[in-house]
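As structure tokens, the structure follows; a few thoughts come after it.
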Amino acid sequence: MPVEILTIFGMKTPAGTFKNCIKVEETSGIKPKEKCYKTYAPGVGMIQDEDLLLTGYAKAEESISIEDLPPAVRATIEKYAAGGKITEIEKETDKGTILYEAEVVSNGREFDIFVSASGEYLGIEEEQEPKGCQKKDDDEDDEDNDDDEDDDD
């Protein structure tokens, strides 16, 4: 099935606005004179097939090593990690926008650093224990520190 790229442009669909899209013309080996047109967006895939438009899509996540990051993204993550251990980095694509999320552990504190594809710092999100799940000292309410439920002996 021969394919010809016709143009590169931006396009708006019910799922969002996409940049650097390509429109292709396809022909079939069965009916070579029949042509159909499809539009593809980077990081998303097909967003238009003839009269059908993309109405929604899930964001894609992939794990990535620090060595494979763009230099500006890597520098920003390392700056805000401030010597903490980077445990995982994910590259997320949401509606055609790329975002990097780095999980960091530093001095017993866990947090995520968010960075744009251009290396711009977007913020930090602290990891917090859900209410009622905080670590409790075992003998905190046991006045005689004898590890049993009653405090009479």
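The values are calculated or read from the model by the stated rules, or taken from the named source; none is laboratory data. Here the structure is a predicted model, which is why all the values come from computation and not from measurement. Here Cβ is always computed from backbone atoms with ideal geometry, including for glycine, and neighbour counts include all displayed protein chains. Please note that ligands, DNA and RNA were not included when accessible areas were found on the heavy atoms of the full protein model with its side chains. Shrake-Rupley method; radii C 1.70, N 1.55, O 1.52, S 1.80 Å.
Could you list, in their original order, any pairs among 12/35; 12/79; 19/91 whose Cα atoms are separated by more than 29 Å? Display every interim value, and only then the final one.
On the way: 12/35 23 Å; 12/79 36 Å; 19/91 18 Å.
Distance filter (> 29 Å) returns 12/79.
Just add up the charged neighbours of residue 50: K/R +1, D/E -1, any other residue whose Cβ is under 13 Å from the Cβ of residue 50.
Details: positive: 23, 35, 38; negative: 25, 26, 34, 49, 51.
Once positives and negatives cancel, what remains is -2.
Just want the answer: with Cβ charges of +1 for Lys and Arg and -1 for Asp and Glu, which residue in 11, 57, 89 is farthest toward the dipole's positive end in region 3-133?
11
May I ask you to derive the FRET efficiency for residue 85 and residue 58 from their Cβ-Cβ distance with R0 = 35 Å, giving the value to the nearest 0.05? Provide the component values of the computation, followed by the final result.
Numbers: r = 30 Å, r/R0 = 0.85.
Efficiency, from the Cβ-Cβ distance: 0.70.
Quick one: order 77, 86 from most to least accessible surface, probe 1.4 Å. Working shown, then result.
On the way: 77 0, 86 50 Å².
Greatest to least solvent exposure: 86, 77.
With every protein chain kept in place and ligands, DNA and RNA left out, what is the accessible area per residue of region 48-130? Probe 1.4 Å, answer in Å².
On the way: 5220 Å² over 83 residues.
With the other protein chains kept in place, region 48-130 gives 63 Å² per residue.
For residue 110, what accessible area in Å² do you get when you roll a 1.4 Å probe over the heavy atoms of the protein chains, rounding to the nearest 10?
Probe radius 1.4 Å; accessible area of residue 110 about 100 Å².
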